[in-house]
Each structure stands twice: as structure tokens, then as C-alpha cells.
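The values are calculated or read from the model by the stated rules, or taken from the named source; none is laboratory data. Please read these numbers as outputs of a predicted model, since none were measured by experiment. As a convention, Cβ positions derive from the backbone with ideal geometry for all residues, glycine included, and neighbour counts pool all protein chains shown. These area figures cover heavy atoms from the full protein model, side chains too; ligands, DNA and RNA do not enter into them. Shrake-Rupley method; radii C 1.70, N 1.55, O 1.52, S 1.80 Å.
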Amino acid sequence: MSMSDPLGDMLTRIRNAQHARLTSCVAPASNLRANVLDVLKREGFIRGFSREELRPGLAQLRIELKYNDGQPVIKEISRVSRPGRRVYSKIKELPRVYNGLGVSILSTPRGVMSDVEARAANVGGEVLCRVF
């Protein structure tokens, strides 16, 4: 069965794993997912991730989740732009998540980056998800 929203699936796996207090979770690998995880790591929401080859041509991402005093660091993670409704934002209209405490992750012409990096690079794009 094909998946209509692979990035949304990965975000749901992270949300469910943190709710179950797991130390790590796995998701099928893709370049977009790896780039989103790289942004989450740079912003301090996850410990890290690694790519594991199951067999030639098939890989998975192992995501190391982060906790602070037993509580998940990620309080809320949600998909903004969906396959049925794409959401794009100009640099001037880029949304702030919880007045700057959270992060929006964007897909821009310069790659996947956080809203802070997009403002610094003065570039807009598709708002993939928001994390707090």
C-alpha cells in the first residue's frame, strides 16, 4: 500500500514514540525526511538520527528522541502543508510558532530550513510543519 503523506507519517511516528516514552523510533528513509530531521537536530528537538541500510535500495532512519527531566522536548509537532492543501509563505508573512519559542520548518529553493534560517536568508517557501 502506498503512503500519500510520507512526511506526515514520520511526524506521527515521532509523536507516538514520545507519547510512549521510547528512546528511539524508525521511519523509512528519504532525502526530505533526512533534511527535516537535520533541522530538528540543529534546533535541539531530537538527539540525532542515523540512516540504516536494510538491504540494497531500502533504508530506514533511526531517530533518537530527546527528553528533559522525563518530559519530551517536543510538546507539539504538526503537519502544516498537506498533499491536499499546500501552504506557501512569503518571507514577510512567515508565521511565528509560540512567539518564537517553536519552529516552523520550510522547504525553500535553498533547501529545507527553519523559519529563523529562512528569515536570515530572506527566502520563503512551503511550510512543511511546526514544532514546539
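Out of curiosity, is SER4 touching a residue at least 40 places away in the same chain (Cβ under 8 Å), on the phi < 0 side of the Ramachandran plot and open to solvent by less than 60 Å² (accessible area, probe 1.4 Å)? In short, no. For segment 38-53, a residue qualifies if it is under 18 Å from SER104 (Cα atoms), free of Cβ contacts under 8 Å to residues at least 40 places away in the same chain and of a type in the set (A, V, I, L, M, F, W, C), and exactly one does: ILE46.
What residue, among those in segment 93-123 that are in contact (Cβ under 8 Å) with a residue 24 or more places away in the chain and of a type in the set (Ser, Thr, Tyr), is farthest from ASN31 (Cα to Cα)? Applying the filter and picking the extreme gives TYR98. Within segment 110-118, is even one residue over 15 Å from the mean Cα position of the chain (by Cα), open to solvent by 30 Å² or more (accessible area, probe 1.4 Å) and within 16 Å of ARG42 (Cα to Cα)? Within segment 110-118, not a single residue is over 15 Å from the mean Cα position of the chain (by Cα), open to solvent by 30 Å² or more (accessible area, probe 1.4 Å) and within 16 Å of ARG42 (Cα to Cα). Within segment 51-79, the set of residues being outside any strand (DSSP E or B) and open to solvent by 100 Å² or more (accessible area, probe 1.4 Å) comprises PRO56, ASP69, LYS75. Residue count for segment 8-44 under the criterion of being hydrophobic (A, V, I, L, M, F, W, C), more than 21 Å from LEU101 (Cα to Cα) and either touching a Lys or Arg at 6+ places or on another chain (Cβ under 9 Å) or crowded, with 18+ Cβ neighbours inside 10 Å (or both): the result is 7. Set side by side, the residues ILE105, ILE91 differ, and just one is surrounded by 15 or more Cβ atoms within 10 Å (Cβ to Cβ) and assigned to a strand (DSSP E or B), which is ILE105. Against the criterion of being within 28 Å of ALA120 (Cβ to Cβ), open to solvent by 70 Å² or more (accessible area, probe 1.4 Å) and assigned to a strand (DSSP E or B), ARG47 qualifies. Among the listed residues LEU94, LEU37, identify the single one that is at pLDDT below 95, under 22 Å from GLY125 (Cα atoms) and in contact with a Leu (Cβ under 9 Å, 6 or more places away or on another chain). After applying the criteria, what remains is LEU94. When restricted to residues that are over 14 Å from LEU128 (Cα atoms), modelled with pLDDT of 95 or more and not polar (S, T, N, Q), segment 1-25 contains 9.
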